[in-house]
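Here's the structure, in structure tokens; my notes come after.
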Amino acid sequence: MAGNGVASIGECMLELSGQAGPNWRMGFAGDTFNTLWALHALSGDRPATYVSAFGDDPFSRDQIDFFAQNGIGIGASPIIPGARPGLYAITLTGAERSFTYWRGDAAARQLSSDAVALKKSLENQSLVYFSGITLAILDDAARKTLLAAVAKARAAGSLVAFDPNYRPRLWRRREDAQTAILDALAVTDIALPTFPDEQMLFGDAAPQKTAERLGKLVGEVVVKNGEEPALIAANGTLQPVPAVHVAAPVDTTGAGDSFNGAYLAARLHGHAPTEAVRRAHRVAAAVVQVRGALAPFETLRAAFED
């Protein structure tokens, strides 16, 4: 029987942002961590666990301390001697961001190295979340171990949510990504794709095509599409929900991830999908008005409850 916690699986990296001359601001972020950050802020007293693998260097220790200071644990995630976290830098053109990565030997690539520890981290969770980036940083064997652990958690009663989050540079071949993402959708209850990603990966001509295709595989689908309406596919129907326009966004980093966290928090609160999308749109609109991937908890909560 699933418990009350929420868990997110993936890679949290060192983030360099806010460049001012030669100086940068360092923080911690990554797609699945950004989602957990919002989910944790908005889901009340539910225990939050970030499931990954970590190094034993000072940056890894600071990362784990940062999690703990904000009420997020790491479960049974392994600490890998000699390993270290990945790193990325955000550069902005207006509010639009681009990324430079250093992550080839990141500790998180070993998050499935201990199948017993992975299973333990996913026990007693009401919700388990992961993404296509989680899949992409793993080799084939590790990916199978991960999906087996997620399937076991689902069989024990956990709700499973997945964002395909396709990033071509992380995959050897497009076909590899297609296969892995379809395998993940087979153990998913809520899918949270982004239309441009799905168009690039599967050739969908319109958001409706994405919703219809995934709606045959997953019971609840929300197709994100930037400032265009999000499209819900559930119970055999399609329902668009308009986005919130932001006239002068500051930084779009983490907007989609925060949308996911807010949507899942709203669903755990018992809100219907349409209301959950409305709240998620408001949260994403608030996030693009702050710099970096992680908005303050109070900013997220104010937008969610507005």
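Cβ separations smaller than 8 Å between residues 6+ apart or across chains give the following pairs from segment 234-259 residues that are closer than 9 Å to Ala285 by Cα and open to solvent by 70 Å² or more (accessible area, probe 1.4 Å) to residues that are part of a loop (DSSP other than H, G, I, E, B) and charged (D, E, K, R): His245/Glu227. Selection of segment 136-146 for residues being out of contact with any Phe, Trp or Tyr (no Cβ under 9 Å at 6 or more places or on another chain) and in a helix (DSSP H, G or I) yields Asp140, Ala141, Ala142, Arg143, Lys144, Thr145.
Considering each of Ala41, Ala48, Ala29, Ala83 in turn, give the residue that is in contact with an Asp or Glu (Cβ under 6 Å, 6 or more places away or on another chain) and either free of Cβ contacts under 8 Å to residues at least 40 places away in the same chain or within 23 Å of Arg279 (Cα to Cα) (or both). Steps first, please.
Values: Ala41 fails: in contact with an Asp or Glu (Cβ under 6 Å, 6 or more places away or on another chain); Ala48 fails: in contact with an Asp or Glu (Cβ under 6 Å, 6 or more places away or on another chain); Ala83 fails: in contact with an Asp or Glu (Cβ under 6 Å, 6 or more places away or on another chain).
One residue alone meets the criteria, Ala29.
Answer yes or no as to whether Arg109 is under 27 Å from Ala141 (Cβ atoms) and basic (Lys, Arg). The answer is yes for Arg109.
I'd like to know if segment 40-60 contains one or more residues that are in contact with a Phe, Trp or Tyr (Cβ under 8 Å, 6 or more places away or on another chain) and more than 22 Å from Leu300 (Cα to Cα). Yes, because at least one residue in segment 40-60 is in contact with a Phe, Trp or Tyr (Cβ under 8 Å, 6 or more places away or on another chain) and more than 22 Å from Leu300 (Cα to Cα).
Selection of first residues in segment 208-226 that are farther than 20 Å from Val244 by Cβ and in a helix (DSSP H, G or I) and of second residues that are open to solvent by less than 90 Å² (accessible area, probe 1.4 Å) and among the charged types (D, E, K, R), restricted to Cβ pairs under 7 Å at least 6 apart or on distinct chains, gives the following pairs, ordered by first then second residue: Thr210/Glu198; Thr210/Asp204; Arg213/Asp204. Scan segment 49-76 for residues that are under 19 Å from the mean Cα position of the chain (by Cα) and open to solvent by less than 10 Å² (accessible area, probe 1.4 Å) and jot them down. Answer for segment 49-76, where residues must be under 19 Å from the mean Cα position of the chain (by Cα) and open to solvent by less than 10 Å² (accessible area, probe 1.4 Å): Tyr50, Val51, Ser52, Ala53, Phe54, Gln63, Phe67, Ile72.
Might you let me know whether segment 148-168 holds any residue that is in a helix (DSSP H, G or I), farther than 17 Å from Ile9 by Cα and touching a strand residue (DSSP E or B) at 6+ places or on another chain (Cβ under 8 Å)? Working first, answer last.
Applying the first criterion (in a helix (DSSP H, G or I)) to segment 148-168 yields 148-155, 168.
Retained after the next criterion (residues that are farther than 17 Å from Ile9 by Cα): 155, 168.
When the remaining residues are screened for being touching a strand residue (DSSP E or B) at 6+ places or on another chain (Cβ under 8 Å), the result is none.
Within segment 148-168, none of the residues are in a helix (DSSP H, G or I), farther than 17 Å from Ile9 by Cα and touching a strand residue (DSSP E or B) at 6+ places or on another chain (Cβ under 8 Å).
If you go through segment 31-42 one residue at a time, do you hit one that is surrounded by 14 or more Cβ atoms within 10 Å (Cβ to Cβ) and more than 19 Å from the chain's Cα centre (by Cα)? First the steps, then the outcome.
In the first step, residues of segment 31-42 are kept if they are surrounded by 14 or more Cβ atoms within 10 Å (Cβ to Cβ); the result is 31-42.
With the extra rule that they be more than 19 Å from the chain's Cα centre (by Cα), the set shrinks to none.
No, that holds for no residue.
The values are calculated or read from the model by the stated rules, or taken from the named source; none is laboratory data. Being a predicted model, the structure only gives us computed values, none of them experimental. All Cβ positions, even for glycine, are placed from backbone atoms using ideal geometry, and neighbour counts span all protein chains on display. In case anyone asks, the SASA skips ligands and DNA or RNA and just uses the protein heavy atoms, side chains included. Shrake-Rupley method; radii C 1.70, N 1.55, O 1.52, S 1.80 Å.
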